[in-house]
Amino acid sequence: MPIKRNEVDEKNKWAIEDIYKTNELWEQDFKKLSDILPDLIKYKDSFTKDAKNLYDAFKAFEKAELLGERLYVYAKMKRDEDSADSLYQGMTDRALSLNIEMGSILSFISPELLKKEESELVGFLEEHEGLKKEYDYSIKNLLRRKPHVLSEKEEKLLSMSSEFATGAQQIFTMLNNADMKFGKIDDDGVKKDLTHATYAVFMQSSNRETRRNAYEKLYGKYKENINTIAATYSTSVKKDVYYAKARNHDSALSKALHSDNVPQNLYDNLISAVHDNLPTMYEYIKLRKKVLKIEDLGMHDVYAPLVPEAKGIYDYKLAKDMVVRSLAPLGEDYLKLLDKSFNNGWVDVYENEGKLSGAYSWGTYGVHPYVLLNHRGDLDSVYTLAHELGHAMHTWYSNDSQFYAKSNYTIFVAEVASTVNEILLTKHLLKTETDIEKRKYILNHYIDQFKGTVIRQTMFAEFEKITHAMQEAGQPLTSDSLSEKYLELNKLYYGNDMDSDDNIAAEWARIPHFYSAFYVYKYATGFSSAITIVNSILKEGESAVNRYKDFLKSGGSDYPLELLKKAGVDLESGLPVEICMKEFKRALEEFSTLF
């Protein structure tokens, strides 16, 4: 049973008081923002009058947004310490409502700016030094979107449709999480509930019959509901196509990529590069057959562990030491920051009663970042620490180097720094660990990242491209057509040594990411970018480290592809994905020699 929050040693808690020392100060800022909001609307008719008015208005908007951010972050993180505390539940809800109100009030900003001629806005930037320093990227990005912004009346109509535009996703969520029940599984003579959470556990069982039963029972339920889910997913795809056409994009894919200013050839090249390197995936499947001693390898065997969990007690002190040593190539200033994070209340370490599960890094501009952990003392916990500290360091460098308006980096690059840290930890462990069983575990962990983050996510990305193209070509998305396309992809990505049966043909029906289209490819590009960065750091040393830190310091000051170029990653060239696939092959070859 976890200990209560008040029993946790203070040195193992994060210092949320660095945001607000007391709840009373939070209440004062809540009132301040509440009082400010009605005054913001006064800027609507005058803030684009000239450069000074525009700068002053931006600063006023920014002041309100930063207050809203701090209010919400503080309340939510306090709630995450103990979800049973009704005080912070209420404060979180109040902060969220106030932020929603602010978003509604400030919704005039983009439409009003886009009424101005481009030359006039560019002229404002040249006239006002502060405007150019802080808001040039915001204005440049807004102007880039102008061809896809409609008239005020049309924008209002699209806005009015947004409430039911998420209907397909909400219906799937309710069906998937509330209505569908999967029954029980006989696990070595014990009846156990089959749920989304336990399915992952059953699929890693050493008992093949347990895996098969869980697999067939879960997919059997999706197949029972396949026509309803097909109609739901088809509606979601139609929604994507509709909004793309409404906003004058060539396709739904083009619209999705536009937000990050990513050309479609990058998406296509990712798929092509992975296709070219699928023989490595096929070798992995052959190795899996060999190690598991299973000739008729099926999809229910794909998560069965190839090696036992690495034995050892990795307490927090040892975990910190391992992470610090593995990240030494990033230089003294990075290590000093790590030390600061460990000793100045950045990290909340252990589980306590009511604490949010899992891990994350978060925070608010003007205060150091925070990391939530639930350290268990296993090797996976060491990887989690390295991962979340990667996010925290990225945030710290960004906030320390950028104005507020340019500090927030996008999801496209968000996982790069965390993955760099994980890979550096893997490289360090492989360099220092001599125990064969532990080396097997580390390499298996590494290979699983390539398999799950690059190969599988690219397969998902290709499925999304196919289904949206079908809709755009007027081809119906039925349960049969969707399952047929998915089964073809599964056979392609896993090869002839894997039995891709009719159950896996229905896997598309259980993937929530498909209702946020064209998102998953970013996992693959992010991991590939991290591999390239780590290879450069370990090969070139200081020059590559400096490039990487330039990237970390850049925050959200430019488009993601331009930011990654600072770190020496040119995703448009396709080279990072090729480097990633070569590393996958190298790791697999090393892993194979240990059996």
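The values are calculated or read from the model by the stated rules, or taken from the named source; none is laboratory data. Fair warning: this is a prediction, and the values are worked out from it, not measured in the lab. Cβ sites come from the backbone with ideal geometry, for glycine too, and all protein chains shown count toward neighbours.
For region 546-575, give me each residue that is in a loop (DSSP other than H, G, I, E, B) and not hydroxyl-bearing (Ser, Thr, Tyr). So that I can check it myself, show each step before the final result.
Residues of region 546-575 in a loop (DSSP other than H, G, I, E, B): 554-559, 567-570, 574.
Once the filter is applied, which keeps residues that are in a loop (DSSP other than H, G, I, E, B) and not hydroxyl-bearing (Ser, Thr, Tyr), region 546-575 yields Gly555, Gly556, Asp558, Ala567, Gly568, Val569, Asp570, Gly574.
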Q | Residue in region 474-488 that is farthest from Phe460 (Cα to Cα), counting only those that are free of Cβ contacts under 8 Å to residues at least 24 places away in the same chain and in contact with a Phe, Trp or Tyr (Cβ under 9 Å, 6 or more places away or on another chain) | A | Lys485
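Rundown of residues vs (1) in a helix (DSSP H, G or I); (2) surrounded by 23 or more Cβ atoms within 10 Å (Cβ to Cβ); (3) assigned by TED's automatic domain parsing to the domain that holds Ile229, yes/no style:
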| site | (1), (2), (3) |
| --- | --- |
| Leu385 | yes, yes, no |
| Trp396 | yes, no, no |
| Lys465 | yes, no, yes |
| Gln471 | yes, no, yes |
| Pro476 | no, no, yes |
| Ser483 | yes, no, yes |
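Give me a count of the residues in region 325-345 that are of a type outside the set (D, E, K, R) and more than 22 Å from Glu10 (Cα to Cα). Talk me through it step by step, then tell me what you get.
First, pick out the residues of region 325-345 that are of a type outside the set (D, E, K, R): 326-331, 334-335, 337-338, 341-345.
Among the residues that remain, those that are also more than 22 Å from Glu10 (Cα to Cα) are: 326-331, 334-335.
Matching residues across region 325-345 total 8.
Would you please name the residue that is modelled with the lowest pLDDT, looking only at residues in region 184-199 that are closer than 16 Å to Tyr303 by Cα and loosely packed, with under 14 Cβ neighbours inside 10 Å?
First, the residues of region 184-199 that are closer than 16 Å to Tyr303 by Cα: 196-199.
Still in the running and loosely packed, with under 14 Cβ neighbours inside 10 Å: 196-197.
Details: His196: 91, Ala197: 88.
Filtering first and then ranking leaves Ala197.
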Q: Could you tell me which residue of region 126-138 is surrounded by the fewest Cβ atoms within 10 Å (Cβ to Cβ), considering only residues that are under 34 Å from the mean Cα position of the chain (by Cα) and in contact (Cβ under 8 Å) with a residue 40 or more places away in the chain?
A: Lys133
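Could you say which residue among Lys44, Lys13 is farther than 19 Å from Tyr404 by Cα, of a type outside the set (A, V, I, L, M) and either at pLDDT below 95 or in the same structural domain as Phe403 (by TED's automatic domain parsing) (or both)? Walk me through how you get there before you give the answer.
Numbers: Lys13 fails: either at pLDDT below 95 or in the same structural domain as Phe403 (by TED's automatic domain parsing) (or both).
On inspection, the qualifying residue turns out to be Lys44.
Per-residue answers, yes or no, for (1) in contact with a strand residue (DSSP E or B) (Cβ under 7 Å, 6 or more places away or on another chain); (2) surrounded by 14 or more Cβ atoms within 10 Å (Cβ to Cβ); (3) of a type in the set (Asp, Glu); (4) not in a helix (DSSP H, G or I):
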residue: Lys21; (1), (2), (3), (4): no, no, no, yes
residue: Asp29; (1), (2), (3), (4): no, yes, yes, no
residue: Ile36; (1), (2), (3), (4): no, yes, no, no
residue: Leu40; (1), (2), (3), (4): no, yes, no, no
residue: Asp45; (1), (2), (3), (4): no, no, yes, yes
residue: Ala57; (1), (2), (3), (4): no, yes, no, no
residue: Ala60; (1), (2), (3), (4): no, yes, no, no
residue: Leu67; (1), (2), (3), (4): no, yes, no, no
residue: Val73; (1), (2), (3), (4): yes, yes, no, no
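Within region 239-257, which residues are hydroxyl-bearing (Ser, Thr, Tyr) and more than 18 Å from Tyr267 (Cα to Cα)? Don't jump to the end; show me each part of the working.
Going residue by residue through region 239-257, those that are hydroxyl-bearing (Ser, Thr, Tyr) are 242-243, 251, 254.
Tyr242, Tyr243 - these are the residues of region 239-257 that are hydroxyl-bearing (Ser, Thr, Tyr) and more than 18 Å from Tyr267 (Cα to Cα).
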